[in-house]
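**Student:** Sharing a structure, written as structure tokens. Questions coming.
Just so it is clear, none of the values below were taken in a lab; they were calculated from the coordinates. Predicted model only: the values in this text are computed from it and were never measured. Heads up, the Cβs are rebuilt from the backbone with ideal geometry, glycines too, and the neighbour counts pull from every protein chain shown.
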């Protein structure tokens, strides 16, 4: 397991993550990319705790995602199954489990202040924290994707399933975007990764 984790994690995070997995009885599956989520946790019918994490994540996103999912398991175990998945119990558990990793032996100096701020009140996805998501993106392999918040108002973009949209106004936290083929309005998180298209 340690050798597998070395392919996906910062070197100094391998042993503590191995111990988190072992001590909590986690069955870890590293899976092909899913565009809708970075990872998930579920209790299987046989009682095993399964965590999946996308293989395509960079080392730092992989670490944050793995600890995020272990925090679900630990929070449910400590507080019961009736808690909200991303409620106060999960937030405090995630913060506690993540704290040992927020140090310069594991994360680059440029990321540390953003992580410290994020983990004062962690969100359901680090992708919704624009400054942290942008900082983490620099460690991704080169690609042609942009975040929606980076696109000019009125620009056209394509999402993973081929549908084309025009960017509209921001409404509270998300952007209203019009699907070109149907005229329907969809809401997008600012950090949704999309392909910018030239104006028709």
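**Student:** Could you check the simple spin-label distance between residue 11 and residue 34, using points 7 Å along Cα→Cβ, in nm with one decimal?
**Tutor:** 3.3
**Student:** Rounding to the nearest 10 and keeping the result within 0 to 90°, find how far the Cα-based axis of helix 14-23 lies from the longest principal axis of the chain.
**Tutor:** 70
**Student:** Under 12 Å from a label point 7 Å along Cα→Cβ of residue 160: give me every residue in the stretch 25-48 with its amide N that close.
**Tutor:** Under 12 Å, as judged by backbone N against the label point of residue 160, lie 32-39 of the stretch 25-48.
**Student:** From the gyration tensor of the Cα coordinates in the stretch 7-51, what semi-axes in whole Å does the equivalent ellipsoid have, largest first, with each one equal to sqrt(5λ)?
**Tutor:** Equivalent ellipsoid semi-axes, largest first: 19, 17, 7 Å.
**Student:** Counting only DSSP beta bridges with both residues in the chain, what percent are antiparallel, rounded to the nearest 5?
**Tutor:** The antiparallel proportion sits near 80 percent.
**Student:** For the chain, take the longest principal axis of its alpha carbons; what is the angle in degrees between that and the long axis of helix 59-79, to the nearest 10 within 0 to 90?
**Tutor:** Once rounded, one gets 60 degrees.
**Student:** When the helix-only estimate is applied to the chain (DSSP H runs of n ≥ 4, each -39,500 (n - 2.57), divided by the residue count), what is the mean residue ellipticity at 222 nm, nearest 500 deg cm²/dmol?
**Tutor:** One gets -9000 deg cm²/dmol as the mean residue ellipticity at 222 nm.
**Student:** Further question on the same structure: Largest first and in whole Å, give the semi-axes of the stretch 1-99's equivalent ellipsoid, each being the square root of 5 times a Cα gyration tensor eigenvalue.
**Tutor:** Working through the eigenvalues yields semi-axes of 21, 15, 14 Å.
**Student:** Still on this model: Give me 23, 109 ranked fewest to most by other Cβ atoms within 10 Å of their Cβ, as a rough exposure proxy.
**Tutor:** 109, 23
**Student:** Classify the stretch 77-152 as rounded, prolate or oblate, taking a ≥ b ≥ c as the square roots of the eigenvalues of its Cα gyration tensor: rounded when a/c is under 1.5, otherwise prolate if a/b is larger than b/c and oblate if not.
**Tutor:** oblate
**Student:** Can you figure out the FRET efficiency of residue 3 with residue 112, using R₀ = 22 Å and their beta-carbon distance, to the nearest 0.05?
**Tutor:** 0.20
**Student:** Sorting 84, 61, 137 on the 10 Å Cβ count, fewest up front, what's the list?
**Tutor:** Starting with the residue having the fewest Cβ neighbours, the order is 84, 137, 61.
**Student:** According to the Cα gyration tensor, what semi-axes, each the square root of 5 times an eigenvalue, does the equivalent ellipsoid of the stretch 90-200 have, listed from largest to smallest in whole Å?
**Tutor:** Value: 32, 16, 10 Å, ordered largest first.
**Student:** At 4 °C and 1.567 mPa s, grab the translational diffusion coefficient of the stretch 146-197 from Stokes-Einstein with a Kirkwood Rh over Cα pairs, rounded to a whole number in µm² per second.
**Tutor:** 123
**Student:** So what's the angle, to the nearest 10 degrees on a 0 to 90 scale, between helix 88-98 and the longest Cα principal axis of the chain?
**Tutor:** 70
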